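Please treat every number below as a calculation from the coordinates, not as lab data. All values reported here derive from a predicted model rather than from experimental measurement. Here the Cβ is made from the backbone with ideal geometry for all residues, glycine too, and neighbour counts use every protein chain on show.
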Amino acid sequence: MNEAPIRRLTIVGGGTAGWMVAAALAHFLRRGWTIMLVESDAIGAIGVGEATIPQIRLFNAAIGIDEAEMLRACQGSYKLGIAFEGWRAPDHRYMHGFGGVGRDLGLLSFYHYWVAGRGDESRAGMPVGKAREDSLDAYSVAAQAAYAGRFAPPDPARPAPAGGHNYAFHFDATLYAAFLRVRAEAGGVTRIEGRITHVTRDEASGDISALVLENGTCVGGDLFIDCSGMAGLLIESECAVGFEDWGHWLPCDRALAVPSRHGGPIMPYTRSIARPAGWQWQIPLQHRVGNGHVYSSRYMSDDEAAALLLANLPGEALADPRLIRFAAGCRRKVWSHNVIAIGLSSGFLEPLESTSIHLIQSGIERLLQRLPSAHPGAAERAAYNEDVSAEMERIRDFILLHYHANGRDELFWQERRDMPIPDSLSERIALFHACGRIDRHGNELFTELAWQQVLIGQGVVPQTVHPLTEQISADDLAGFIETTRRAVSHSAAAMPTHADFIARNCATGVPS
């Protein structure tokens with residue numbers, strides 16, 4: 001084994017992934033390390049990852065980014081959740097809101113009481129009634145504020161009200177990468193321009209020794225971070241780790257992306273709108289709306305998909321739709337030899353729950369936590385790869401839930417409903433449907449609150465209610481639920497409009 005210390009980190013590829021990695025390494029490895037990033041201006045980034053989840057705030061804070069400064073630089077806005085429109089039925093919508101839902105009482109989460117309060121006969125061991133069909137959205141501050149176009153961050157000096165909220169951002173991913181590049185280079189990262197033509201490898205270990213650029217320059221390194229996107233320039237083209245294709249579960253294989261003008265206020269949430277063979281996103285930024293149509297080419301042609309997208313924009317299109325081909329799945333290994341893949345080079349899951357940028361972030365965290373001091377052995381790499389696989393599989397299951405528990409009539413959706421699903425997801429759905437329980441595994445990304453909102457939003461409601469709910473009288477239960485609803489409504493209504501909050505804190509100009 002090579003016991004020489006690792007001190008040279010070489011990042012392959014820029015874009016959001018490469019510059020997030022570079023900015024983080026520059027911040028945390030300030031002494032004794034050499035950090036280089038190789039990218040070519042001739043190779044464009046995909047750049048559609050404009051919606052985030054609340055964990056991005058932790059990343060920004062960890063490397064000292066000022067939130068308002070970042071949003072001004074990236075034409076950003078705030079995000080309180082994702083509205084899923086037409087997934088359960090054509091005229092139905094629900095919100096996966098960030099933060100709490102209702103108020104927990106005793107040992108139980110609020111949704112148990114919400115289920116129990118849906119009908120007088122809903123008591124322990126009895127079927128759930130249909131007397132009240134209101135949505136969990138009514139008990140989420142994030143959802144109520146989002147629908148009303150209002151935003152304010154939670155006040156850390158005050159206890160969270162019922163349904164206390166959290167938030168994330170919408171931003172231009174290309175501008176975010178440029179913003180991070182400035183920080184990374186100021187922190188000592190060396191950017192090397194050029195296209196990689198081939199690599200040299202150590203004959204004994206198979207490790208990569210150097211990258212050879214088109215102009216003949218050789219760029220060495222001890223550990224190479226592959227951020228080259230779906231091409232997987234090092235992890236796949238060189239290390240040949242293989243790809244686990246999940247297309248039989250997630251058959252969408254194309255996306256069309258196009259910016260448009262605003263057709264109204266800048267709303268503080270992402271829209272995910274079910275379409276006949278996939279779904280459409282709308283992500284409002286300050287200067288434009290990011291739009292996209294994710295679909296399966298088995299069920300819809302590119303021309304049909306483009307026409308459908310262009311017919312459903314909030315405002316005038318600002319460019320022609322750009323086609324992106326992809327395959328859902330993950331690399332069989334993300335760490336092979338002295339190469340670690342982060343971002344799209346490690347795998348792809350469609351951005352239904354805005355996880356693309358988070359997977360970059362979690363990859364960076366894992367890299368820093370397990371950064372080897374010398375060239376590692378097989379055990380370190382195997383444990384690393386196992387953790388990444390588990391993370392990807394659990395996010396896959398959460399995305400797959402949206403497709404499987406649908407109520408639409410088109411062939412694409414019928415087949416998603418009828419297809420066999422992974423046992424890991426089937427068991428979760430069965431457990432929740434039977435008794436309302438959610439078992440969260442380890443450090444998986446999505447919390448019980450997230451699973452609650454999507455399961456119930458998609459129409460998966462427990463068949464029975466928890467026995468502890470019968471300890472409250474029907475009148476007290478109704479009072480508790482109504483008081484909670486009013487508290488949530490009051491909290492959301494007290495916020496300024498999203499537009500006013502942006503204008504006061506991070507505005508960059510007049511929206512298009």
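Structure notes:
- Mean Cβ count within 10 Å, highest first, over the residues of peptides 339-350, 406-417: 339-350, 406-417
- Per-residue Karplus couplings for segment 474-490, computed as 6.51 cos²θ - 1.76 cosθ + 1.60 with θ equal to phi - 60°, are listed in order as 4, 5, 5, 4, 4, x, 4, 5, 5, 4, 5, 4, 5, 4, 5, 4, 5 Hz, Gly and Pro entered as x.
- Spatial offset of segment 252-304 relative to segment 62-124 amounts to 21 Å, using the alpha carbon center of each.
- In this calculation the C-beta distance from E410 to R440 is compared with R0 = 30 Å, giving a FRET efficiency of 0.40.
- Fully extending the segment from I192 to Q471 would add 93.8 nm, taking 0.36 nm per residue of separation and subtracting the current Cα-Cα distance.
- Note on D302 and R322: the model spin-label points, each 7 Å out from Cα along the C-beta direction, lie 1.5 nm apart.
- Simple Cβ-charge dipole of segment 254-325, Lys/Arg +1 and Asp/Glu -1, about Cα centre, in debye nearest 20: 220 debye
- Computed lengthening from T200 to L58, 0.36 nm per intervening residue step minus Cα-Cα distance: 47.4 nm
- Shape of segment 254-325 from the C-alpha gyration tensor: prolate (a/c of 1.5 or more and a/b above b/c, with a ≥ b ≥ c the square roots of its eigenvalues).
- Placed amide H near F243: partners under 5 Å, 5+ positions off or other chain: R332
- For the chain, share of DSSP beta bridges that run antiparallel, in % to the nearest 5: 70 percent
- For the peptides 395-404, 73-82, 418-427, 179-188, residues were scored by their other Cβ atoms within 10 Å and the scores averaged per peptide; the highest-first order is 73-82, 395-404, 179-188, 418-427.
- Of the peptides 269-277, 361-369, the order by per-residue mean of other Cβ atoms within 10 Å, starting with the highest, comes out as 269-277, 361-369.
- Helix 378-404 and the long axis of the chain differ in direction by around 40°, with both axes built from C-alpha atoms.
- Virtual spin-label span in nm between R504 and A157, 7 Å along Cα→Cβ: 1.4 nm
- Amide H partners (placed H, <5 Å) of A89, local residues excluded: G407
- Inter-centroid distance (Cα atoms) of segment 163-227 relative to segment 324-370, Å: 14 Å
- H165 long-range amide H proximity, modeled H, under 5 Å: G100
- Under 11 Å, Cβ to Cβ, from S345 - net charge with Lys/Arg +1 and Asp/Glu -1: -1
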